[in-house]
1. Checking the condition over 14 Å from the mean Cα position of the chain (by Cα) and open to solvent by 10 Å² or more (accessible area, probe 1.4 Å), which residue from Val183, Val165, Val187 passes?
2. Quick one: Leu202 ticks every box in (1) open to solvent by less than 10 Å² (accessible area, probe 1.4 Å); (2) touching a Ser or Thr at 6+ places or on another chain (Cβ under 8 Å); (3) closer than 30 Å to Lys38 by Cα; (4) not aromatic (Phe, Trp, Tyr) except a single one, so which number is it?
3. Being within 18 Å of the chain's Cα centre (by Cα), modelled with pLDDT under 95 and assigned to a helix (DSSP H, G or I) narrows it down to one of Leu202, Leu244, so name that one.
4. When the residues of segment 263-286 are narrowed to those that are closer than 27 Å to Ala229 by Cα and without any contact (Cβ under 8 Å) to a residue 60 or more places away in the chain, which ends up most open to solvent (accessible area, probe 1.4 Å)?
5. Just the residues that are of a type in the set (Ser, Thr, Tyr) and closer than 21 Å to Thr242 by Cβ, please, taken from segment 82-141.
6. Restricting the search to segment 137-157, which residues are more than 15 Å from Leu102 (Cα to Cα), more than 12 Å from the chain's Cα centre (by Cα) and part of a helix (DSSP H, G or I)?
7. Would you confirm, using the coordinates I've provided, whether Phe37 is at pLDDT below 95 and either open to solvent by 80 Å² or more (accessible area, probe 1.4 Å) or small (Gly, Ala, Ser) (or both)?
8. If Cys256 passes every condition in (1) more than 12 Å from Leu146 (Cβ to Cβ); (2) part of a helix (DSSP H, G or I); (3) open to solvent by less than 60 Å² (accessible area, probe 1.4 Å) but one, which one does it miss?
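The values are calculated or read from the model by the stated rules, or taken from the named source; none is laboratory data. If you're wondering where the values come from, they're calculated on a predicted model, not measured in any experiment. As a convention, Cβ positions derive from the backbone with ideal geometry for all residues, glycine included, and neighbour counts pool all protein chains shown. Just so you know, the surface numbers come from the protein's heavy atoms only, side chains and all, with ligands and any DNA or RNA stripped out. Shrake-Rupley method; radii C 1.70, N 1.55, O 1.52, S 1.80 Å.
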Amino acid sequence: MNDFLIYGIGGLLICFTVATFLLSRIDVELIPEEYEFKLDPFWYMASIMLIGGVTVYTLFPALNDTISSYGYFNIAAPIVMAAIIYFCYVLGIDWLANVLTLGAAYLMVTLMPDSFRLFPEQLDLWQEKIVLTLILFTISKGFGLLNGLGGIASMQFIAIALSMVILVYFGALPQILGILVLVYAGVMIAFAFFSWPPEKMLMSDGAFSAFGFIIGCLMLNGAAEYAEAPLFIAASYLFTETGLVLYRRYIERVSCIRGFMCTSYFLISDDGKYEQGVARGVLKILAVDIVLATIQIASTERLAFPVFAVTINLWLLSILSGDTKPEELLSISKWGKNAIKGALAKKKNSKKGRKE
């Protein structure tokens with residue numbers, strides 16, 4: 001089990017170094033009138049992921065201990081399809097990008113063996129494939145929603161990757177997936193240094209939707225290894241924010257020019273005024289999700305703990321958007337104090353109501 005960590009950390013460091021070098025060569029001060037490939041970080045990052053993934057599979061075939069069949073196609077196809085999807089975003093054809101994302105998601109789901117079932121008692125096989133397609137589509141689009149404030153989308157990607165590494169360490173996932181996510185994480189960590197507030201480099205929502213598709217395909221393969229519950233928990237912040245955006249836009253009818261403007265983190269950040277404090281607050285939520293995903297390994301219950309994780313995410317977001325001042329978000333102790341104050345205030349008001 002230590003082999004994957006040694007090789008994976010080596011791959012992470014190599015990809016981090018290469019990505020940092022290439023991204024640092026991009027002239028961020030130059031804003032061209034027309035789109036230029038050489039100024040877009042996505043193509044550098046996706047290329048490193050593709051080369052790194054293929055290299056890992058070639059060098060370490062002995063660590064390919066997956067239950068389901070896993071080969072070059074499973075590594076290359078998600079990245080190539082993500083590049084095609086992103087190219088549609090670059091051309092400004094968002095509807096085609098959405099259609100291609102759905103089609104690519106369905107293709108990856110249909111390639112999974114029929115023995116892979118998440119809801120065998122509740123759904124027929126064809127119904128389950130549709131549900132899995134929609135989940136993969138949601139993960140992809142969810143990463144685009146997390147791109148409204150520097151570093152958050154990158155952190156969610158890294159948090160999922162770290163959770164998968166922990167799962168591999170405890171034997172819940174095959175070693176080949178552990179090396180792959182470490183290689184991909186190395187690329188994303190390099191970008192995170194440039195995108196952490198105050199941002200030195202930006203990437204479009206479409207680019208992060210494409211990266212969401214890549215990590216979503218890895219999660220799909222992880223789910224085929226019977227690790228679906230901890231992987232859902234690892235991405236529970238993404239699912240929570242996506243659900244809140246849908247609620248605000250289609251139930252509350254909140255008008256948002258762009259989807260990320262309806263996310264909790266963006267609303268809390270006061271339109272970017274306190275973005276560094278909010279980013280660190282979200283980082284703490286992701287750390288909690290990683291801990292919960294690790295605990296799930298020891299649980300045989302597949303539903304209760306993931307629901308609990310979403311509830312915890314909602315609670316932490318409510319603390320952030322409650323009495324906590326944005327500039328105080330760096331202290332986790334103040335979260336607890338404000339949560340206790342809020343609970344006591346509600347209790348006091350309820351007692352007053354009873355007396356009246």
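1. Numbers: Val183 fails: open to solvent by 10 Å² or more (accessible area, probe 1.4 Å); Val187 fails: open to solvent by 10 Å² or more (accessible area, probe 1.4 Å).
Within the list Val183, Val165, Val187, the selection yields Val165.
2. Tallying (1) open to solvent by less than 10 Å² (accessible area, probe 1.4 Å); (2) touching a Ser or Thr at 6+ places or on another chain (Cβ under 8 Å); (3) closer than 30 Å to Lys38 by Cα; (4) not aromatic (Phe, Trp, Tyr), Leu202 fails exactly one: (1).
3. Every option except Leu244 fails the conditions.
4. To start, the set of residues in segment 263-286 that are closer than 27 Å to Ala229 by Cα comprises 263-265, 279-286.
From what is left, the residues that are without any contact (Cβ under 8 Å) to a residue 60 or more places away in the chain are 264, 280-281, 284-285.
On the way: Ser264: 9, Arg280: 93, Gly281: 0, Lys284: 43, Ile285: 0 Å².
Filtering first and then ranking leaves Arg280.
5. Filtering segment 82-141 down to residues of a type in the set (Ser, Thr, Tyr) leaves 86, 89, 101, 106, 110, 115, 133, 138, 140.
Across segment 82-141, the qualifying residues are Tyr86, Tyr89, Thr101, Tyr106, Thr133, Thr138, Ser140.
6. Of everything in segment 137-157, just one residue is more than 15 Å from Leu102 (Cα to Cα), more than 12 Å from the chain's Cα centre (by Cα) and part of a helix (DSSP H, G or I), namely Gly148.
7. Numbers: at pLDDT below 95: yes; either open to solvent by 80 Å² or more (accessible area, probe 1.4 Å) or small (Gly, Ala, Ser) (or both): yes.
Yes; evaluated as a whole, the condition is true for this residue.
8. (2) is the only condition that Cys256 fails.
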